[in-house]
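The values are calculated or read from the model by the stated rules, or taken from the named source; none is laboratory data. Predicted model, so just to flag it, every value in this text is computed and none were measured. Because the Cβ atoms are built from the backbone with ideal geometry, glycine has one as well, and the counts that use them run over all protein chains shown.
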Amino acid sequence: MSARSLVCRAVLAAVLAGVLALPVAAEEAKGGKKKSPFPEGETVLQLAPLWVPVTGMRARRPGVAVYSPVTVRLTSQPGAGEGMCGRVPYLIEGFLMAMNDVPVAVTPDRRRLNLEGVRGRLLVEATRIAGADLVRAVEIFDVAPKPADNNAELLALCQ
């Protein structure tokens, strides 16, 4: 290669590096922070349904567990949505382990899950895994509520 060719390549590489750095420099000039998809306040994430063991659904063998879906909704501390998001896979695993240790019972009429006390157990598990500075509340539903409009996008970032 000639010296002229090497100089042309070096100049071209420098120009391309400068052009590619423009968006980063413009972002830094705006305020120095990248925009986060998580809101400044608290973030609410509704997880995909978790299949948990339920006892008391079978009349003949009530101690044998069958599985039923539940929906868990997490609420972060203000400004801690991104941190909570990073812990979601570990939270899901911890919730499943906690639910397998002590299965959910059904109401006496066998139509709904008896979720009293389960919220508290899951909040303790979330605090153990993620810390009290990330997770503020845990809700559990046997009938899935409608998630927020941006829930799918936020949840996709957390996986």
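Below is a table of values for the structure above.
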{"quantity": "Some residue of segment 119-132 being part of a loop (DSSP other than H, G, I, E, B) and of a type in the set (Asp, Glu)", "calculated": "no"}
{"quantity": "Filter result (in contact (Cβ under 8 Å) with a residue 24 or more places away in the chain and either surrounded by fewer than 16 Cβ atoms within 10 Å (Cβ to Cβ) or on the phi > 0 side of the Ramachandran plot (or both)) within segment 116-128", "calculated": "ARG128"}
{"quantity": "ASP101 out of contact with any helix residue (DSSP H, G or I) (no Cβ under 7 Å at 6 or more places or on another chain) and either closer than 27 Å to LEU157 by Cα or modelled with pLDDT of 85 or more (or both)", "calculated": "yes"}
{"quantity": "Residues located in segment 73-111, provided they are outside any helix (DSSP H, G or I) and either among the aliphatic types (A, V, I, L, M) or at positive phi (or both)", "calculated": "LEU74, GLY79, ALA80, VAL102, VAL104, ALA105, VAL106, ARG110"}
{"quantity": "Conditions (1) of a type in the set (A, V, I, L, M, F, W, C); (2) farther than 17 Å from LEU123 by Cα; (3) buried (at least 19 other Cβ atoms within 10 Å of the Cβ); (4) out of contact with any strand residue (DSSP E or B) (no Cβ under 6 Å at 6 or more places or on another chain): number failed by CYS85", "calculated": "(2)"}
